[in-house]
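The values are calculated or read from the model by the stated rules, or taken from the named source; none is laboratory data. What you see is a predicted model; the values in this text were computed from it and never measured. Positions of Cβ are generated from backbone atoms using ideal geometry, with glycine treated the same way; all protein chains shown enter the neighbour counts.
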Amino acid sequence: MNRFFPGGWNGRYGLDQLSIAMAALSCFLSLFLPRYHRNGFFTLVSLFCAALLLLALWRTLSRDTSRRWAENEKFLRYWNPIQQKIACGWNRLRDRDHRYFRCPGCGQTLRVPKGRGTVRITCPRCHQEIIRKT
């Protein structure tokens, strides 16, 4: 039996992406912003970091699972597109065999093998032809 939670951990919400993001943001701000403090700004940032960390802990230990789930879903609606763009950017940086172009007609991203010289690219979506050097 746990002395802090007599009912045990059963029924607690636990960690989710929003709680992890809040804790990570709190740690990031508390580690990197003290270098740039002036007057009372550092105190305000440190209080904000502590409050954010406590809020993340409160969410983790909450018993109101339906509300925490809804909050996490709302967060993921905004976070997933950002995370997808970051992952796409990293994949493009690691891809050394292809060049990426954007179709001027529809905006679709087109992937072309490198080292082929000047090529004529036809967009599969709008069938517009563009000439680019790979």
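Only one of these is modelled with pLDDT under 90, in contact with a Ser or Thr (Cβ under 7 Å, 6 or more places away or on another chain), under 20 Å from Leu76 (Cα atoms) and among the hydrophobic types (A, V, I, L, M, F, W, C): Leu53, Leu15. Name it.
Leu15
Please count how many residues of region 60-79 are charged (D, E, K, R) and surrounded by 13 or more Cβ atoms within 10 Å (Cβ to Cβ).
Start the filter on region 60-79 by keeping residues that are charged (D, E, K, R), which leaves 63-64, 67-68, 71, 73-74, 77.
After this cut, where a residue has to be surrounded by 13 or more Cβ atoms within 10 Å (Cβ to Cβ) as well, the list is 68, 71.
Residues meeting the conditions: 2.
Among the residues in region 64-79, are any closer than 30 Å to Gly115 by Cα and either out of contact with any Asp or Glu (no Cβ under 6 Å at 6 or more places or on another chain) or outside any helix (DSSP H, G or I) (or both)?
Within region 64-79, the first condition is being closer than 30 Å to Gly115 by Cα, and the residues that meet it are none.
For region 64-79, residues closer than 30 Å to Gly115 by Cα and either out of contact with any Asp or Glu (no Cβ under 6 Å at 6 or more places or on another chain) or outside any helix (DSSP H, G or I) (or both): absent.
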Matching entry among Glu73, Glu129 (being without any contact (Cβ under 8 Å) to a residue 12 or more places away in the chain and in contact with a Lys or Arg (Cβ under 6 Å, 6 or more places away or on another chain)): Glu129
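Within region 104-121, how many residues turn out to be in a strand (DSSP E or B) and surrounded by fewer than 12 Cβ atoms within 10 Å (Cβ to Cβ)? Can you show your working first?
Filtering region 104-121 for residues in a strand (DSSP E or B) gives 109-113, 118-121.
Remaining after also requiring surrounded by fewer than 12 Cβ atoms within 10 Å (Cβ to Cβ): 109, 113, 118, 120.
Number of matching residues: 4.
Restricting region 23-42 to residues that are under 27 Å from Leu61 (Cα atoms) and polar (S, T, N, Q), which is modelled with the highest pLDDT? Give the derivation first.
Taking region 23-42 as the starting set, the residues that turn out to be under 27 Å from Leu61 (Cα atoms) are 23-31.
Checking the rest, the ones that are also polar (S, T, N, Q) come to 26, 30.
Working: Ser26: 90, Ser30: 82.
Checking each candidate, the answer is Ser26.
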Options Leu57, Leu47, Leu93: the member that is of a type in the set (A, V, I, L, M, F, W, C) and surrounded by 12 or more Cβ atoms within 10 Å (Cβ to Cβ): Leu57
Residues satisfying the stated conditions in region 76-117, i.e. of a type in the set (Phe, Trp, Tyr) and either free of Cβ contacts under 8 Å to residues at least 40 places away in the same chain or in contact with a Cys (Cβ under 7 Å, 6 or more places away or on another chain) (or both): Tyr78, Trp90, Tyr100, Phe101
